[in-house]
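Here the structure is laid out as structure tokens; the discussion comes afterwards.
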Amino acid sequence: MKNIQNVDQDIYAAILAEQKRQSEGMELIASENYQSPAVLEAQSSVFANKYSEGFPGRRYYGGQENTDIIEQLAIDRAKKIFHADHANVQALSGAAANLCVYSALMNPGDTILWMDLTHGWHLTHGAPVTFFSKVFNFIRYKTTLDGKVDFDQVRKLAIEHKPKIILAWFSAYPRELDYEKFVEIANEVWAIAFADVSHIWWFIAAWLLKNPLDYGFHVMMTTTHKSLRGPRGALILSKWIVSNPLKKPEDTIENIPTRIDRAVFPGMQWWPHMNTIAAIAVALKEAQTPEFKAYAQQALKNAQTLATELTARGYKLVTGWTDNHMVIIDFSWTQLDWSVAEKTLDKIWISTSKSTIPDDPNPPFRPSGLRIGLPAMTTRGVKEEDTKKIVEFIDQALKNKDNEKNLAELKNKVREFSLSFPVPGL
Ligand SMILES: Cc1ncc(COP(=O)(O)O)c(C=O)c1O
């Protein structure tokens, strides 16, 4: 970082401080991870200098022989991993990608059937505070008492409201989904089945969880950071639907992949970030290695150890278990507010994030749950025995939340533990 050091001391100092925080502390936010050194290099490559409006082979500016290669590689790798007919790799983030999918498949005023806020949704699934909710009509379904999606309610609402899209997958949902049921209901009302697998796609890539596209879903979106360990971006994956039997689907304007490409460009975005696309291609290559599969398997074991150990220490978990990398602690029945829990853990440099619980009695900015995940710590090499130590740190911190001296001692232990698991590339 000699160049940054010479040009901008302030930014250089902030980067060093963040490196220290990331290596001496513990990242337990389920959506965060460490980009691999190869991904970081691709992202800061000369592709950042290039304007590439359009798609491979169909650009508006010249000099695209190398950008076409990287974008086509990213597309081909994404299609292969997810068994998709088509992949768009240009959306700048998950939020932008969701908006592109909505605008590709719906007109203003159309309805989407989606999960209720407190049962696990993401803001981009139509939170009232977003622009999305001004344009489209979002109807909500919920989970039943056991935490599973209430399919009777999904069917009833689908028949009543005739949504254009039925959306599955969420931000805070620790269980596997029944995709056949979603597709059955979507087909019954002529809706498009859309999965936002931003959180769990790595388990899909490692064949540890089912792939919605294999079960009849039409469209799937995933962010490329989080567990993929790629740059901040998104993939929109889809299947051809033959709307005109006299033409090949790829030659019809009304097919889903073409509508998605057009919604991304020129509908919502102009210039793709080619350095990010190069980094996505690298991350997708890494995701096909045996090491990546082993990493996902270890992450699942760690998450289930986390669930077992927390339960053994008397913590109540939303749905009582996890099938993926997320564990959500329900504090609604204790005196301990999530914000106290989050702030206490922050004091010992363990980062976590707040989460709603089903039918949360508290407002979204002060919900009753705490979401914990170990994707980032698994990248650093944490295994089941280490996970037990992490639970011990969490438990000790929460029990000593008012004892600053004990928290300071605990912070030193967390630092020592964290430093024994180096951050890749640091
Ligand atoms: C399920 C889901 N969808 C979409 C997003 C939005 O992604 P981004 O942060 O890239 O806009 C997130 C990110 O938190 C998410 O969890």
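The values are calculated or read from the model by the stated rules, or taken from the named source; none is laboratory data. What you see is a predicted model; the values in this text were computed from it and never measured. Cβ placement follows ideal geometry from the backbone for every residue including glycine, while neighbour counts extend to all protein chains displayed.
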- Message: Can you tell me how many residues within the range 173-211 are buried (at least 24 other Cβ atoms within 10 Å of the Cβ) and of a type in the set (D, E)?
- Response: 1
- Go through S171, S198 for me and flag whichever is in contact with a helix residue (DSSP H, G or I) (Cβ under 6 Å, 6 or more places away or on another chain) and within 22 Å of A307 (Cα to Cα). S198
- State which residue pairs qualify: first residue within 14 Å of V101 (Cβ to Cβ) and inside the range 123-151, second residue assigned to a loop (DSSP other than H, G, I, E, B) and polar (S, T, N, Q) in any location, beta carbons under 7 Å apart, and separation of 6 or more residues or different chains. T124/T130
- Which one of D330, D359 is in contact (Cβ under 8 Å) with a residue 12 or more places away in the chain, outside the structural domain of K79 (by TED's automatic domain parsing) and buried (at least 18 other Cβ atoms within 10 Å of the Cβ)? D330
- Does the range 397-417 include one or more residues that are in a helix (DSSP H, G or I), within 26 Å of the chain's Cα centre (by Cα) and not assigned by TED's automatic domain parsing to the domain that holds S198? no
- Item | In the range 164-204, residue farthest from the ligand (Cβ to nearest atom) [restricted to those that are outside any helix (DSSP H, G or I) and of a type in the set (S, T, Y)] | Y173
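Residues are listed down the side, and each one gets a yes or a no for (1) under 30 Å from H273 (Cβ atoms); (2) in contact with a Gly (Cβ under 6 Å, 6 or more places away or on another chain); (3) in contact (Cβ under 8 Å) with a residue 60 or more places away in the chain:
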residue	(1), (2), (3)
W169	yes, no, no
P174	no, no, yes
V183	no, yes, no
I192	yes, no, yes
D196	yes, no, yes
N211	yes, no, yes
M220	yes, no, yes
S227	yes, no, yes
P231	yes, no, yes
- So E53 clears everything in (1) within 30 Å of I204 (Cβ to Cβ); (2) touching a helix residue (DSSP H, G or I) at 6+ places or on another chain (Cβ under 8 Å) except one condition, right? Which one? (1)
- Item | Subset of the range 393-426 (residues that are in contact (Cβ under 8 Å) with a residue 12 or more places away in the chain, charged (D, E, K, R) and within 30 Å of F292 (Cβ to Cβ)) | R415
- Task: Considering (1) more than 15 Å from the ligand (Cβ to nearest atom); (2) buried (at least 22 other Cβ atoms within 10 Å of the Cβ), say which one H119 fails and leave the rest.
- Result: (1)
- Those residues that are surrounded by 14 or more Cβ atoms within 10 Å (Cβ to Cβ), part of a loop (DSSP other than H, G, I, E, B) and without any contact (Cβ under 8 Å) to a residue 24 or more places away in the chain, I need them from the range 30-61; list them, please. P56
